[in-house]
Amino acid sequence: MSRWRWHIKQIFERIWVRVTAFGVLGVVTALSAAWMGRWVPEDLGVDVSADAIESILEIIASSMLTVSTFSLSIMVSAFSAAQGSATPRAITLLQSDRLTQHVLASFIGAFVYALVGIIALETGIYGNSGRLVLFAVTIAVVAMIVIMLLRWVQHLSEFGRLEDTALRVEEATREALVMRAEDPVLGCCAWEEPPVGSWELMAMRTGHVLHVDPAVLQEVAEKLGCRIWILAQPGAFVHPGVGILRCDALLEDAQARRQAEEALHEAFTIEQARSYEQDPEFGLRAMSEIASRALSPAVNDPGTAIDILGRLMAVLGEWGQSRPKGEAPRCLRVMARELDPEALIRNAFDAIGRDGAGQIEVAIRLQDVLAGLARTEPRFAQPACAMAERAAALSQQAMVLSEDAQAVAARAQELRAKL
């Protein structure tokens, strides 16, 4: 996805965009009834009084204002509940929930429609035909409100709960992992070490790389007649002392170097908060945080940690089963690395192995999950085995009963023996 398409996608996922669009639609709908009335024959014999329509619109306006305020308070409460029970990193997924945005936008759009309709009725811009059209549209708006209320009631029974939040993080992580599995190097060429003499481009600001646009790098590379190596993948933490890419272009002077650096910086979007889009490691870490919070002494919920371990195995297993599409590289002058299986295992299980080391049920399930990944995906064999041994060592220190620690160590030794 290009840089501009990615930014536009991020904007359209914000709630104010949908709310604004429905508000404008409400204004247009209310005012267009006067224009549409010209096409309605005057001799239909149906006369709808302005007072009847205004009463309905007043009910819609007052009720939608109340419902919108109430829904916003519920939404904020759901965000707080998810932050407390799961992880703050999941709030962005709840904020971009399409059904929540659609329902709130519909309520506010109906309120704006009713308000503009009342004002238009008072000014007398509707004739008899226009009032008939306005009445028909108002009935349709009422039907839409009823449908949205029913969907909203059903949605509120799950929205923001731990199960719902964990599922959202799991789906976002799976989507990012499958995307990277199908396009391992983001449309670039396979990694090869940059030659001696290539120069390094430093980051301009401190933060995480949210998005990389290889097409921009390819364009610059074609213009300069050079090759480019991406050092900072999406999710990497960078600062002005860290290189984000290497380039072997031979630039004549400082001015040409500065222009090339400015063009190359355009390919990188760097912000403080990480994103799930191109960064599956962030999703794995968020899932791990849910399990770690459940294992804290204040919560003491090993069942949630066991559930998250199962979700992690499913997500990583799907990444292992997915294969590249086999398409030719789109950016022939740009090189990028594939995802590191060791980093995926570390982000997924390291915190759980540490925080669940003293609980036998969690430690055993962790060993089983790591053994399953090692057996089903060869790329996970060594990293999973190393993580199993690390978790067993932590359990040796944390468990009260030596027989529990020995049971965990036996699982790790069995996995090592089968590799």
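The values are calculated or read from the model by the stated rules, or taken from the named source; none is laboratory data. None of the values given here were measured: they were computed from a predicted structure. We place every Cβ from the backbone using ideal geometry, glycine too, and count neighbours over all the protein chains shown. We work out accessible area using only protein heavy atoms, side chains counted, and drop any ligands, DNA or RNA first. Shrake-Rupley method; radii C 1.70, N 1.55, O 1.52, S 1.80 Å.
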Discussion item. Apply the a/c threshold of 1.5 to the C-alpha gyration tensor of the stretch 36-184 and tell me whether it is rounded, prolate or oblate.
Written reply: prolate
Worksheet item: According to the square roots a ≥ b ≥ c of the eigenvalues of the Cα gyration tensor, what is the shape class of the stretch 253-301, taking rounded for a/c under 1.5, prolate for a/b larger than b/c otherwise, and oblate for the remainder?
Response: prolate
Discussion item. If each residue of separation counts as 0.36 nm, what is the full-extension length gain between Ala273 and Trp199 once their alpha-carbon separation is subtracted?
Written reply: 23.8 nm
Item to complete: Can you work out the accessible area per residue across the stretch 182-222, with the rest of the protein chains kept in place, probe 1.4 Å, in square angstrom?
Response: 45 Å²
Worksheet item: In percent, how large is the relative contact order of the chain, given Cα pairs closer than 8 Å and 6 or more residues apart?
Response: 16 percent
Item to complete: Would you look at the GNM of the chain, springs on alpha carbons closer than 10 Å, and say which of Pro378, Pro195, Pro324 moves the most?
Response: Pro195
Worksheet item: Taking K and R as +1 and D and E as -1, what net charge do the other residues with C-beta under 13 Å from the C-beta of Glu163 add up to?
Response: -3
Discussion item. Expected output is a single nm value to one decimal: the length gained when fully extending between Val242 and Glu158, i.e. 0.36 nm times separation in residues minus the C-alpha distance. What is it?
Written reply: 25.9 nm
Response to the item:
With Cα coordinates, the longest principal axis of the chain makes an angle with the long axis of helix 360-376, in degrees rounded to 10, of 80 degrees
Worksheet entry | Between 0 and 90°, nearest 10: helix 3-12 axis offset from the chain longest Cα axis | 50 degrees
Response to the item:
Residues meeting the amide H criterion for Leu332 (H placed from the backbone, H to H distance under 5 Å, 5 or more places apart or on another chain) are none
Worksheet item: In nm, what is the difference between 0.36 nm times the number of residues separating Ala343 and Leu167 and their Cα-Cα distance?
Response: 61.1 nm
Worksheet item: Using the beta-carbon distance between Arg330 and Asn128 and R0 = 41 Å, what value does 1/(1 + (r/R0)^6) give for FRET efficiency, to the nearest 0.05?
Response: 0.10
Discussion item. Just to check I understand the Karplus step: with θ = phi - 60° and J = 6.51 cos²θ - 1.76 cosθ + 1.60, what whole-Hz values come out for the stretch 17-31, glycine and proline as x?
Written reply: 5, 5, 5, 4, 4, 6, x, 5, 4, x, 5, 4, 5, 5, 7
Worksheet item: For the stretch 378-419, what is the accessible area per residue in Å², given a 1.4 Å probe and the full set of protein chains?
Response: 59 Å²
Discussion item. Around Gln259, under 12 Å between beta carbons, what's the net of Lys plus Arg minus Asp minus Glu among the other residues?
Written reply: -2
Response to the item:
Pseudo-spin-label distance Asn300 to Ser63, built 7 Å along Cα→Cβ, given in nm, is 4.8 nm
Response to the item:
Probe 1.4 Å, heavy atoms of protein chains only: per residue, the accessible area of the stretch 47-154 in Å² is 46 Å²
Practice prompt. Using θ = phi - 60° and the Karplus relation 6.51 cos²θ - 1.76 cosθ + 1.60, list the HN-Hα couplings for the stretch 59-67 in order, rounded to whole Hz, with x at every Gly or Pro.
Written response: 5, 4, 4, 5, 6, 5, 5, 5, 5
Discussion item. Can you show me the helix-derived [θ] at 222 nm for the chain, built from DSSP H runs with n ≥ 4 at -39,500 (n - 2.57) apiece and divided by the number of residues, rounded to the nearest 500.
Written reply: -22500 deg cm²/dmol
Discussion item. Leaving out ligands, DNA and RNA, and with a 1.4 Å probe, what % of the accessible surface on the stretch 244-390 is carbon or sulfur?
Written reply: 47 percent
Worksheet entry | Total formal charge among the other residues, if their Cβ is under 14 angstrom from that of Gly124, Lys/Arg +1 and Asp/Glu -1 | -2
Item to complete: List, in order, the whole-Hz ³J(HN,Hα) value for each residue of the stretch 68-83 obtained from phi through the Karplus relation with A = 6.51, B = -1.76, C = 1.60 and θ = phi - 60°; use x for Gly and Pro.
Response: 5, 5, 5, 5, 5, 5, 5, 4, 5, 5, 5, 4, 5, 5, 5, 5
Worksheet item: Helix 341-355: angle to the longest alpha-carbon principal axis of the chain, degrees 0 to 90, nearest 10?
Response: 90 degrees
Fill in: Cα-based shape type of the stretch 45-130, given that a ≥ b ≥ c are square roots of the gyration tensor eigenvalues and the cut on a/c is 1.5
prolate
Practice prompt. Enter the Cα centre distance for the pair the stretch 185-225 and the stretch 323-357, rounded to the nearest angstrom.
Written response: 18 Å
Practice prompt. Could you tell me which label, among (i) 195; (ii) 162; (iii) 316, carries the value of volume of the Cα convex hull per residue in Å³ calculated for this structure?
Written response: (i)
